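Take a look at the structure below.
The values are calculated or read from the model by the stated rules, or taken from the named source; none is laboratory data. Computed from a prediction, not measured in an experiment: that's the story for all the values here. In this analysis, Cβ positions are derived from the backbone assuming ideal geometry, glycine residues included, and neighbour counts consider all displayed protein chains.
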Amino acid sequence: MDINHIVIVGAGTMGTDLAVKLSGSGVRVTVVGRPGGRADTFDVRSTSAARDLDVSPDDLDMRLVSDLMSVDWLSADLVIENVVENLEVKQSIFKQIVSLANKKTIITSNSSTFGISLIANGLSQQARFFGLHFFMPAHLVPLVEIVMSESSDLQTANEIKQYLSVRNFVPVIVYKDVPGFLANRIQAAMMREVWHILEREIATPEDVDKAVMFGFGCRFLAAGPIMQKEISGLDVTYSANTGVFSDLSNADKPPSFLAEKVKRGEIGMKSERGFWHWNQASIREARERYMHKLKSSIKVLLEK
């Protein structure tokens with residue numbers, strides 16, 4: 001696939017990190033950011049992301065523009081919409097992009113909430129629309145989900161996959177446009193049981209985190225869940241699942257204790273209170289520790 005110019009619509013955290021990662025791989029990138037919004041701090045944030053990747057900002061072929069009309073649409077090969085998680089806003093942006101871009105431009109959304117089928121509903125040339133879901137921090141986390149609607153072209157999806165693979169991403173194709181796509185569905189299933197465990201007072205939040213990090217979590221650096229069960233044996237797995245599945249949560253909504261915490265404003269680091277108490281110093285320390293371990297784990301994962 002010949003992609004030489006990528007347009008990223010939205011200059012927030014995700015859009016900025018993506019711009020740096022992609023332009024750092026040798027691609028021309030145009031970022032559309034509204035003045036007075038996150039675009040005002042784009043230079044500071046992009047410099048920080050470049051530092052994480054050991055790339056000089058001066059070497060990046062990256063341009064920030066203030067509106068869609070300022071984009072060189074004739075040369076745009078791929079668009080990644082990255083605006084606020086509001087369906088009407090995204091649909092409006094997609095309509096404008098379709099009216100401006102050339103007929104061969106691949107148009108995608110980085111939404112984690114809305115499927116591409118909803119965002120591109122009613123637009124022509126449905127085969128060229130995809131979800132392209134990255135994970136924060138997007139310049140470091142390799143995974144990207146290529147989400148297909150019923151009308152998305154499979155050959156194009158495979159070409160996008162190959163294109164991203166050579167740019168140090170780890171792309172996966174999601175063949176059905178279902179809520180949560182792939183990775184977030186798996187994560188949501190785990191979190192449903194985590195909340196269930198806390199609600200039943202089976203363990204403390206601290207010990208839940210330890211069980212994940214130092215149990216199956218660290219093993220996931222070596223092999224994914226299916227490969228792990230290939231190693232241990234599907235017969236053992238079947239027996240274990242038979243004994244525990246009936247006691248797992250099958251709740252169809254988050255628990256009331258979580259809703260109450262949100263209602264009280266106890267939402268974590270943002271409010272300096274969640275399951276733990278925070279201050280600016282402890283937040284900074286925890287985030288630095290998280291970034292250090294994240295970078296180290298990704299380095300291990302990418303080893304041949």
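Against the definition (closer than 30 Å to Gly115 by Cβ, at pLDDT 95 or above and surrounded by 14 or more Cβ atoms within 10 Å (Cβ to Cβ)), how does Arg185 come out, yes or no?
Considered against the rule, which asks whether it is closer than 30 Å to Gly115 by Cβ, at pLDDT 95 or above and surrounded by 14 or more Cβ atoms within 10 Å (Cβ to Cβ), Arg185 comes out as no.
Out of Lys90, Lys95, report the one residue that is closer than 23 Å to Ala157 by Cα, touching a Ser or Thr at 6+ places or on another chain (Cβ under 8 Å) and among the basic types (Lys, Arg).
When all the criteria are applied, what remains is Lys90.
I'm told Ala49 meets every condition in (1) farther than 17 Å from Met136 by Cα; (2) of a type in the set (A, V, I, L, M, F, W, C); (3) touching an Asp or Glu at 6+ places or on another chain (Cβ under 8 Å) except one. Can you identify the failing condition by its number?
(1)
For the stretch 284-304, which positions are of a type in the set (Lys, Arg) and part of a helix (DSSP H, G or I)? Outline the logic, then answer.
Quick first cut of the stretch 284-304, residues of a type in the set (Lys, Arg) only: 284, 287, 289, 293, 295, 299, 304.
Residues satisfying the conditions are Arg284, Arg287, Arg289, Lys293, Lys295, Lys299.
If I filter the stretch 75-97 for residues that are closer than 18 Å to Asn4 by Cα and surrounded by fewer than 18 Cβ atoms within 10 Å (Cβ to Cβ), do I get at least one hit?
Yes, there is a match, as at least one residue in the stretch 75-97 is closer than 18 Å to Asn4 by Cα and surrounded by fewer than 18 Cβ atoms within 10 Å (Cβ to Cβ).
Checking Ala120 against (1) surrounded by fewer than 24 Cβ atoms within 10 Å (Cβ to Cβ); (2) closer than 16 Å to Met148 by Cα, which test does it fail?
Result: Ala120 passes all but (1).
For the stretch 106-117, name all the residues that are polar (S, T, N, Q), surrounded by fewer than 21 Cβ atoms within 10 Å (Cβ to Cβ) and in contact with a helix residue (DSSP H, G or I) (Cβ under 7 Å, 6 or more places away or on another chain).
Ser112 - this is the single residue of the stretch 106-117 that is polar (S, T, N, Q), surrounded by fewer than 21 Cβ atoms within 10 Å (Cβ to Cβ) and in contact with a helix residue (DSSP H, G or I) (Cβ under 7 Å, 6 or more places away or on another chain).
For residues that are in a helix (DSSP H, G or I) and more than 10 Å from Val31 (Cα to Cα), tally how many sit in the stretch 5-17.
Of the stretch 5-17, the ones in a helix (DSSP H, G or I) are 13-17.
Remaining after also requiring more than 10 Å from Val31 (Cα to Cα): 13-14, 17.
Matching residues across the stretch 5-17 total 3.
If you scan the stretch 252-275, which residues turn out to be surrounded by 12 or more Cβ atoms within 10 Å (Cβ to Cβ) and touching a residue at least 12 places away in the same chain (Cβ under 8 Å)?
Pro254, Pro255, Leu258, Lys261, Met269, Gly274, Phe275
Filter the stretch 246-274 down to the residues that are touching a strand residue (DSSP E or B) at 6+ places or on another chain (Cβ under 8 Å) and under 19 Å from Thr204 (Cβ atoms) and list them by number.
Glu266, Gly274
Which condition from (1) of a type in the set (D, E, K, R); (2) surrounded by 12 or more Cβ atoms within 10 Å (Cβ to Cβ); (3) in contact with a Ser or Thr (Cβ under 9 Å, 6 or more places away or on another chain); (4) farther than 24 Å from Phe257 by Cα is the one that Glu150 breaks?
Only one criterion in (1) of a type in the set (D, E, K, R); (2) surrounded by 12 or more Cβ atoms within 10 Å (Cβ to Cβ); (3) in contact with a Ser or Thr (Cβ under 9 Å, 6 or more places away or on another chain); (4) farther than 24 Å from Phe257 by Cα is unmet by Glu150, namely (2).
What are the residues in the stretch 74-97 that are over 25 Å from Lys21 (Cα atoms) and β-branched (Val, Ile, Thr), if any?
Within the stretch 74-97, Val89 is the sole residue that qualifies.
Out of all the residues in the stretch 124-143, which are surrounded by fewer than 22 Cβ atoms within 10 Å (Cβ to Cβ) and under 19 Å from Asn184 (Cα atoms)?
Residues satisfying the conditions are Phe135, Met136, Pro137, Leu140, Val141, Pro142, Leu143.
Of the residues Val44, Val27, only one is surrounded by 17 or more Cβ atoms within 10 Å (Cβ to Cβ) and of a type in the set (A, V, I, L, M); which?
One residue alone meets the criteria, Val27.
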